[in-house]
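What follows is a short report on a single structure.
The values are calculated or read from the model by the stated rules, or taken from the named source; none is laboratory data. Keep in mind that this is a model prediction, so the values were computed, not measured. Counting neighbours? That spans all protein chains shown, and the Cβs are built from the backbone with ideal geometry, glycine included.
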Amino acid sequence: MEALPLIFFFVVLLLLMAGFPVAYTLGGVSLIFGLFTFGFDFFNLLPLRIWGIMTNYILIAVPLFIFMGVMFEKSGLAEELLETMALLFGKLRGGLAISVLVVGAMLAAATGIVGATVVTMGVLTLPVMLKKGYNPRVATGIISASGTLGQIIPPSIVLVLLGSVLNISVGDLFVAAVIPGFILVFLYFLWIVYQAIFRPKQVPSMPKEDIEDFIHGKKIKRIVTAFLVPLLLIIIVLGSIFAGIASPTEAAAIGALGATILTIARSKFNLITLKDVMTKTTSLTSMAFMILVGASAFSLVFRGMDGDIYLTNLITSAEMESHHFLAIVMVIIFVAGFFIDFIEITFIIVPVVAPIFVHLNVDLLWIGILIAINLQTSFLTPPFGFALFFLKGVAPEGITTNDIYKGIIPYVGIQLVGLFLVIFIPELALWLPKVIN
């Protein structure tokens, strides 16, 4: 039956949108269709695919980067960094918002974990921003958007997963993501400046007394410990990858060790902290790998049905140009982001469309960056944007879901602008890897 791959794909998609657990939906439906397609030989094929995942050297970077991010959060440096940046930029209108943006970008490069970043900044800065007179929508918008930068600024877990799915170098993806990531940071910054100029009451500056206390206090020491120390860790991790000294997996191990040393140096390390970090790392890693196992079963069955060939022939017979197909894929991923998680999109949609991009001679490195930017938007789009859930969970009383939803609208638009820039100017993603290679 020629249309069986499409039926299989849409059954999985409908069950996911109905709220069934991702890993079990992917695995369960794949087992049923696999038995129907291959018979009992399917049980000889599937274990080989699962073993391939478990022995994939690249994927070892996932738990190591998660460990690095959670340990960095436990060190307390994120809190000190936020406070220091807020006081450094405090004289400016919108200074608090700029400090949240700077810290969001730094935490993205140091942790790559959206939930930890949004919760940390929500707890520490949202009450302060509201107390200083910030509009609730402005405050929640910049915190949510800055917290999602970890999806595109390396080292990003989504880039590791995309590298595995697209079968391209994770190191090249990290390098290619640098310029698009900082373009987004710059666009966010321009939006804050715009509000400071045209809506000054919504983004007031900090009181002089707070800033004077900071200036007369141990200013230099705070800047060194809060800003330069985590920056050094970021440079070591990313620099070792970009210079070709270490693979992403080896750099992740260096980062995990560095974050642990920082925590020890700040006297925040003990057996309870280590247990908490390891428990959280195990939980997040297990969730990602269970979905990955289910997704591998899905990919095995879909390709076993010649679904990739069917779709490629469909696109070819329609005489569709590569940019038309790219537009369709970007729209599908953007809409899917309203309803399902980035891991699900990575493991369900990306393996289906990747062979078609190969057939159309499209650079998969460029495609990987476009998908990463698009997936970042899924953290902000209601009703299931995870950054919105994380922020709502720690927001003070009086902050409504409506405030958070309205606050992120400009940033979703900004991210789409960033996506269009990279679509129309591919060199924004491809130039730096060429230079470094």
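Residues checked against (1) in contact (Cβ under 8 Å) with a residue 60 or more places away in the chain; (2) of a type in the set (Asp, Glu); (3) outside any helix (DSSP H, G or I); (4) over 18 Å from Leu292 (Cβ atoms):
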{"site": "Phe8", "(1), (2), (3), (4)": "yes, no, no, yes"}
{"site": "Leu35", "(1), (2), (3), (4)": "no, no, no, yes"}
{"site": "Leu45", "(1), (2), (3), (4)": "yes, no, no, no"}
{"site": "Leu64", "(1), (2), (3), (4)": "yes, no, no, no"}
{"site": "Phe72", "(1), (2), (3), (4)": "yes, no, no, yes"}
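Of all residues in the range 267-299, those satisfying the criterion of being touching a helix residue (DSSP H, G or I) at 6+ places or on another chain (Cβ under 7 Å) and not in a helix (DSSP H, G or I) are Lys268, Phe269. Within the range 65-72, identify whether any single residue is at pLDDT 75 or above and small (Gly, Ala, Ser), and answer yes or no. The answer is yes, given that some residue of the range 65-72 is at pLDDT 75 or above and small (Gly, Ala, Ser). Among the residues of the range 383-404, those that are of a type outside the set (Phe, Trp, Tyr), modelled with pLDDT under 80 and within 25 Å of Val331 (Cβ to Cβ) comprise Pro383, Gly385. Whether any residue in the range 203-218 is small (Gly, Ala, Ser), at pLDDT below 85 and not in a loop (DSSP other than H, G, I, E, B) is what I want to check. No, that holds for no residue.
When you look at Lys91, is it in contact with a Leu (Cβ under 8 Å, 6 or more places away or on another chain), of a type in the set (Lys, Arg) and modelled with pLDDT under 80, yes or no? Here the answer is no, as Lys91 does not meet what is asked. Test Leu380 against the criterion of being within 16 Å of Ser144 (Cα to Cα) and at pLDDT below 90, and give yes or no. When the stated conditions are applied, Leu380 passes them.
Scanning the range 264-296 for residues that are buried (at least 19 other Cβ atoms within 10 Å of the Cβ) and not β-branched (Val, Ile, Thr) yields Lys280, Leu284, Ala288, Leu292, Gly294, Ala295, Ser296. The residues of the range 168-193 that are closer than 23 Å to Ala246 by Cβ and in contact with a Gly (Cβ under 6 Å, 6 or more places away or on another chain), listed by number, are Val170, Leu173. Among the residues of the range 237-256, how many are modelled with pLDDT under 85 and closer than 19 Å to Gly104 by Cα? Number of matching residues: 2. Within the range 358-383, residues that are under 15 Å from Ile414 (Cβ atoms) and in a helix (DSSP H, G or I) sit with their Cβ atoms under 8 Å from residues that are at pLDDT 90 or above and small (Gly, Ala, Ser), at 6+ positions apart or across chains, in these pairs: Ile373/Gly418. Just to be sure, is Ala78 at pLDDT below 75 and either assigned to a helix (DSSP H, G or I) or surrounded by 20 or more Cβ atoms within 10 Å (Cβ to Cβ) (or both)? It is true that Ala78 is at pLDDT below 75 and either assigned to a helix (DSSP H, G or I) or surrounded by 20 or more Cβ atoms within 10 Å (Cβ to Cβ) (or both). If Tyr411 satisfies every condition in (1) more than 15 Å from Thr148 (Cβ to Cβ); (2) assigned to a helix (DSSP H, G or I); (3) not aliphatic (A, V, I, L, M) but one, which is the exception? Every listed condition holds for Tyr411 apart from (1).
The residue pairs whose first member lies in the range 138-149 and is in contact (Cβ under 8 Å) with a residue 12 or more places away in the chain and more than 17 Å from Phe182 (Cα to Cα), whose second member is assigned to a helix (DSSP H, G or I) and of a type in the set (Asp, Glu), and whose beta carbons are closer than 8 Å, counting only pairs six or more residues apart or on different chains, are Thr140/Asp403.
Among the residues that make up the range 10-31, is at least one of them out of contact with any Leu (no Cβ under 9 Å at 6 or more places or on another chain), aliphatic (A, V, I, L, M), surrounded by fewer than 20 Cβ atoms within 10 Å (Cβ to Cβ) and in contact (Cβ under 8 Å) with a residue 60 or more places away in the chain? Yes, that holds for at least one residue.
Every residue in the range 55-73 that is surrounded by fewer than 14 Cβ atoms within 10 Å (Cβ to Cβ) and either more than 26 Å from Ile153 (Cα to Cα) or within 20 Å of the chain's Cα centre (by Cα) (or both), please. Residue satisfying the conditions is Thr55 alone. The condition of being surrounded by 15 or more Cβ atoms within 10 Å (Cβ to Cβ), among the hydrophobic types (A, V, I, L, M, F, W, C) and in a loop (DSSP other than H, G, I, E, B) holds for only one of Ile423, Ile349, Ile399, that being Ile399.
Within the range 300-343, the residues that satisfy the criterion of being closer than 19 Å to Leu161 by Cβ and at pLDDT 75 or above are Leu300, Phe302, Val329, Met330, Ile332, Ile333, Phe334, Ala336, Gly337, Phe342, Ile343. In the set (1) small (Gly, Ala, Ser); (2) over 28 Å from Phe174 (Cα atoms); (3) crowded, with 23+ Cβ neighbours inside 10 Å, Gly104 fails one condition alone, (2). Filtering the range 89-98 for residues that are crowded, with 24+ Cβ neighbours inside 10 Å and free of Cβ contacts under 8 Å to residues at least 60 places away in the same chain leaves an empty set.
For Gly255, the conditions (1) within 20 Å of the chain's Cα centre (by Cα); (2) loosely packed, with under 14 Cβ neighbours inside 10 Å all hold with the exception of (2).
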